[in-house]
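*Asks:* Take this structure, written in structure tokens, and hold onto it; I'll ask about it next.
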Amino acid sequence: MTAQAAAAFEKPGKFRPLERHEGSRRVVRGSLFSGASPLKLHDPDMGDATVERAVLGELAIGSVRSTGHDVTVRESTSVSLVLPLQGAMTTETGGRTITAGAGMGLLLPRGHRQTRVACPGTGQYSAFILMLDSTALSTCSAMERARGLVLDGSGSRDVAVALQMTMMLADQLRSGSRVLDRAGAARSWFELITSSIDQSVESMLGDIPESATDSHDAYRYVARAEEYMRWNLADIITTVDVASHLGISRRTLETAFRRVRGDSPLKILTRLRLQAARQLLLDPDGPASVTDVCLDVGIGHHGRFSSAYRKLFGEPPSETLRRR
């Protein structure tokens, strides 16, 4: 069973122990990765290490504390973002060796890597590790071609935001924040995290060519996406939901819509919601209030809805409802 498959059975929002090492004593209940060797403590007699994991929707975050260790990782499905809090981590992947200390991050591709964590001065290494399915990032291919990236927030605002966002989520999971229990919280965090990491990679590597999508594929993606949107207006939270349903990346979906419709999938989704809302407002058997109509078509912000509705149809939604 892969690390992500195992995570699907965990209770969301809380850190659970996976590994505990005390000298030669070892208790292992699972792994952060789809494949990894046992931790090799630098001090095999007095050293110790603890590995935990928390799950929120499609996001999995690991917590590692150690007096220093080496480990071999074989990760076949997920990209890893490692955020050292104390000490430093050095990893060799694809023939390239990269290091990050506290306040920095390592964005690591799938594949085989040798990792060493050290605790100069502090005697303790600790880190959070974000695990993301490789299909979640539209910049994954570019990052993997670079054989991993060192993220330093001091040189880029986009990178700083990505690091802060991931750290904020990890802290909320650690504290057991009840905010994470709210409807839509997991999807919102997923969207924020993946978007901020994509922006970080783009800011570090420069312009990344858009996904190669020929005209036939583009029209097919748009047709399938719009059909899915029409039948699921109330359930779609972000356009990532649409891309996931089609089995393509968010970037590919954006490229297809701009090629075929000359607009973003979010704007098309909004237009479909407004059109569906108008039909319900005019339907004698439709919902009794504008609020109920908004709920039926997946619109959460009534003020913006009224403004957009008036702009598209030339009258406020309340006026349309009165003309039934």
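*Asks:* Quickly rank 140-147, 41-48 as a protection proxy: mean count of other C-beta atoms within 10 Å, highest first.
*Replies:* Highest-to-lowest ranking by the protection proxy: 140-147, 41-48.
*Asks:* Same structure again: In a GNM of the chain with a 10 Å cut-off on Cα contacts, which of GLN199, GLN275, GLN114 has the highest mean-square fluctuation?
*Replies:* Comparing GLN199, GLN275, GLN114 in the GNM, the peak value goes to GLN275.
*Asks:* Hey, what's the Cα Rg ratio for segment 126-250 versus the globular rule of thumb, 2.2 N^0.38 Å?
*Replies:* Taking the Cα Rg and dividing by 2.2 N^0.38 Å, one obtains 1.20.
*Asks:* Quick one: compute the contact order of the chain, relative version, from alpha carbon pairs under 8 angstrom and 6+ residues apart, as a percent.
*Replies:* Here the relative contact order equals 12 percent.
*Asks:* Quick one: which residues, 5+ away or cross-chain, put their amide H under 5 Å from the amide H of ALA102? H built at 1.01 Å from N.
*Replies:* GLY87
*Asks:* Label-point separation (nm) for ALA234 and HIS112, each offset 7 Å from Cα along Cα-to-Cβ?
*Replies:* 5.3
*Asks:* Still on this structure, please answer the following. Between the helical axis of 302-313 and the dominant principal axis of the chain, each derived from Cα atoms, what acute angle in degrees is found, rounded to the nearest 10?
*Replies:* Approximately 50 degrees, to the nearest 10.
*Asks:* Within the set of other residues whose C-beta is less than 15 Å from the C-beta of VAL179, count the net charge using Lys and Arg as +1 and Asp and Glu as -1.
*Replies:* +3
*Asks:* Sorted from fewest to most neighbouring beta carbons within 10 Å, what does the list MET168, MET89 look like?
*Replies:* If I rank by nearby Cβ atoms, fewest first, I get MET168, MET89.
*Asks:* So, one more: Could you please state, rounded to a whole Å, how far the C-alpha centre of segment 297-324 is from the C-alpha centre of segment 94-130?
*Replies:* 52
*Asks:* Here's a follow-up. State, to one decimal in nm², a quarter of the convex hull surface area for the C-alpha atoms of the chain, i.e. the direction-averaged projected area.
*Replies:* With the hull built on Cα positions only, its mean projection is 19.1 nm².
*Asks:* Work out from phi, with θ = phi - 60° and the Karplus expression 6.51 cos²θ - 1.76 cosθ + 1.60, the ³J(HN,Hα) of each residue of segment 194-206, listed in order in whole Hz, and give x for Gly and Pro.
*Replies:* 5, 5, 5, 5, 4, 5, 5, 4, 5, 5, 7, 9, x
*Asks:* Ordered by residue, what ³J(HN,Hα) values in Hz, to whole numbers, does segment 32-46 give under the Karplus form 6.51 cos²θ - 1.76 cosθ + 1.60, where θ = phi - 60° and Gly and Pro are x?
*Replies:* 5, 10, 5, x, 7, 6, x, 4, 10, 5, 5, 10, x, 9, 10
*Asks:* Another one. Any chance you could list the semi-axes, whole Å, largest first, of the equivalent ellipsoid that the Cα gyration tensor gives for segment 215-324, using √(5λ)?
*Replies:* 28, 13, 11
*Asks:* Using the Karplus curve 6.51 cos²θ - 1.76 cosθ + 1.60 with θ = phi - 60°, work out ³J(HN,Hα) for each residue of segment 229-239 in order, rounded to whole Hz, and write x for Gly and Pro.
*Replies:* Working through the residues one at a time gives 4, 4, 8, 9, 4, 6, 9, 6, 9, 9, 5 Hz.
*Asks:* Give the calculated FRET efficiency between ARG26 and SER177 to the nearest 0.05, with a Förster radius of 22 Å applied to their Cβ-Cβ distance.
*Replies:* After rounding, the FRET efficiency stands at 0.10.
*Asks:* Relative to the longest principal Cα axis of the chain, at what angle does helix 157-175 sit, 0 to 90 degrees, rounded to 10?
*Replies:* 80
*Asks:* If you rank SER175, SER203, SER80 by fewest surrounding Cβ atoms within 10 Å, what's the result?
*Replies:* SER175, SER203, SER80
*Asks:* What order do you get for 181-191, 232-242 when each peptide is scored by the mean count of other beta carbon atoms within 10 Å, highest first?
*Replies:* The peptides rank, most packed first, as 232-242, 181-191.
*Asks:* Residues in segment 245-283, backbone N under 20 Å from the label point at ASP296 (7 Å along the Cα-to-beta-carbon vector): list them, ranges by number please.
*Replies:* In segment 245-283, the label zone of ASP296 (backbone N under 20 Å from the point 7 Å along Cα→Cβ) covers 269-283.
*Asks:* Related question: Multiplying the sequence separation of ARG322 and GLN279 by 0.36 nm and subtracting their Cα-Cα distance, what value in nm do you get?
*Replies:* Length difference between fully extended and current span is 14.2 nm.
*Asks:* Only counting other Cβ atoms within 10 Å, I'd like SER200, SER126, SER24, SER76 sorted with the fewest neighbours first.
*Replies:* If I rank by nearby Cβ atoms, fewest first, I get SER24, SER76, SER126, SER200.
Read-outs: derived from the displayed coordinates by stated rules, not from any lab. This is a predicted model, so every value here is computed, not measured. Glycine gets a Cβ as well: all are built from the backbone with ideal geometry, and neighbour counts include every protein chain shown.
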